[in-house]
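Engineer: Below are the structure tokens for one structure; questions will follow.
The values are calculated or read from the model by the stated rules, or taken from the named source; none is laboratory data. Keep in mind that what you see is a predicted model, and the values were worked out from it rather than measured. Cβ placement follows ideal geometry from the backbone for every residue including glycine, while neighbour counts extend to all protein chains displayed. SASA here: full protein model, heavy atoms, side chains in, ligands and nucleic acids out. Shrake-Rupley method; radii C 1.70, N 1.55, O 1.52, S 1.80 Å.
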Amino acid sequence: MIVAATQFAPVAGDIDANVRTVAGLVRAAGAEGARVVVFSELSLTGYEPSLIRDTPGLVLTEDDPRLAPVRDACRAAGAAAVVNGPVRTEGSGAGLTTLVIGPDGSLLARYDKQHLYGVEAEIFAPGATDGRFTLDGVRFALATCYDNRFPELAERAAADDCAVYLASSVLGADNDSFEKVYPARARDFGLYVVLGNVLGANEDGVGCGLAGAWGPDGGRIADAGSEEPGFVLAEVG
């Protein structure tokens with residue numbers, strides 16, 4: 001299976017603009033054979049927790065009509081999109097949520113980030129369950145940025161017969177996760193690890209790109225570089 005790891009600079013608070021970018025990347029990656037396309041943390045709004053706190057309209061629902069262009073792109077490309085944003089929970093709160101939109105446009109999975117970082121804990125409700133989905137016989141696990149600092153998530157993924165661990169993150173160039181976290185999760189648990197990251201300024205700093213993947217031996221198998229928006233392909237599973 002081919003998975004695309006993406007990177008772009010989201011427009012802060014502009015869901016429509018970011019959805020257009022996401023949909024375009026799904027179509028482009030699907031045209032090159034990608035079956036799953038992975039995006040960064042808060043790719044739908046930009047990593048702007050304080051803006052999300054102060055702007056209730058930025059919170060989406062699982063079936064939000066603003067995501068229709070992504071659903072259309074998934075159907076057209078025959079690919080699943082792993083997108084992340086603030087999504088309403090059953091109560092009045094919001095999760096820092098990954099939605100997996102399947103190749104038919106339906107919702108394959110939802111995962112709410114379990115380990116919230118810093119100001120996130122004041123804005124979002126933590127998730128309580130692991131994220132999983134299966135496509136074409138390949139089982140995937142979901143994790144979001146700070147989650148990846150906790151090896152038990154990857155350990156549970158491996159124990160649950162997952163082959164691929166998808167990490168939607170917001171990382172700057174000074175973050176040691178590229179050397180100490182993602183390759184370790186791959187190597188220690190025999191997983192393919194696929195990272196979607198950001199470019200550009202955000203509330204946490206400046207995203208450095210370097211989206212890509214690590215193989216089960218911990219070696220890099222795909223790297224999108226640190227400058228250009230777009231995607232890189234990796235064969236997994």
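Engineer: Every residue in the stretch 193-237 that is assigned to a loop (DSSP other than H, G, I, E, B), open to solvent by 10 Å² or more (accessible area, probe 1.4 Å) and more than 22 Å from D136 (Cα to Cα), please. Before the answer, list the steps.
Structural biologist: At the first step, the residues of the stretch 193-237 found to be assigned to a loop (DSSP other than H, G, I, E, B) are 203-204, 209-211, 215-219, 224-229, 236-237.
Imposing the further condition that a residue be open to solvent by 10 Å² or more (accessible area, probe 1.4 Å) reduces the set to 203-204, 210, 216-219, 224-229, 237.
Of everything in the stretch 193-237, those that are assigned to a loop (DSSP other than H, G, I, E, B), open to solvent by 10 Å² or more (accessible area, probe 1.4 Å) and more than 22 Å from D136 (Cα to Cα) turn out to be E203, D204, L210, D217, G218, G219, A224, G225, S226, E227, E228, P229.
Engineer: Here's another thing I want to ask about it. Checking the structure you have, find out if any residue of the stretch 110-125 is of a type in the set (S, T, Y), within 14 Å of the chain's Cα centre (by Cα) and closer than 18 Å to E235 by Cα.
Structural biologist: Among the residues of the stretch 110-125, not one is of a type in the set (S, T, Y), within 14 Å of the chain's Cα centre (by Cα) and closer than 18 Å to E235 by Cα, which makes the answer no.
Engineer: Where residues in the stretch 61-88 are open to solvent by 30 Å² or more (accessible area, probe 1.4 Å) and of a type in the set (D, E), which of them is nearest to the chain's Cα centre (by Cα)? Spell out the reasoning first.
Structural biologist: Within the stretch 61-88, the subset open to solvent by 30 Å² or more (accessible area, probe 1.4 Å) is 61-63, 65-66, 68-69, 71-72, 75-76, 88.
Going one step further and asking which of them are of a type in the set (D, E), we end up with 62-63, 72.
On the way: E62: 16, D63: 18, D72: 19 Å.
Restricting to residues being open to solvent by 30 Å² or more (accessible area, probe 1.4 Å) and of a type in the set (D, E), the top hit is E62.
Engineer: Pairs only if they're at least six apart or on different chains, beta carbon under 7 angstrom, first in the stretch 60-74 and touching a residue at least 12 places away in the same chain (Cβ under 8 Å) and part of a helix (DSSP H, G or I), second among the charged types (D, E, K, R) and surrounded by 14 or more Cβ atoms within 10 Å (Cβ to Cβ); list them, first residue then second.
Structural biologist: Matching pairs, first to second residue: P69/R20; A73/R27.
Engineer: Which condition from (1) surrounded by fewer than 23 Cβ atoms within 10 Å (Cβ to Cβ); (2) in a helix (DSSP H, G or I) is the one that G91 breaks?
Structural biologist: If we test G91 against (1) surrounded by fewer than 23 Cβ atoms within 10 Å (Cβ to Cβ); (2) in a helix (DSSP H, G or I), just (2) comes out false.
Engineer: Specify which of the listed residues (E155, E120) is open to solvent by 50 Å² or more (accessible area, probe 1.4 Å) and farther than 23 Å from A81 by Cα.
Structural biologist: Working: E120 fails: open to solvent by 50 Å² or more (accessible area, probe 1.4 Å).
Within the list E155, E120, the selection yields E155.
Engineer: Condition test on D112, is it of a type in the set (D, E) and touching a Phe, Trp or Tyr at 6+ places or on another chain (Cβ under 9 Å)? Before you say what the answer is, go through the steps one by one.
Structural biologist: Details: of a type in the set (D, E): yes; touching a Phe, Trp or Tyr at 6+ places or on another chain (Cβ under 9 Å): yes.
It is true that D112 is of a type in the set (D, E) and touching a Phe, Trp or Tyr at 6+ places or on another chain (Cβ under 9 Å).
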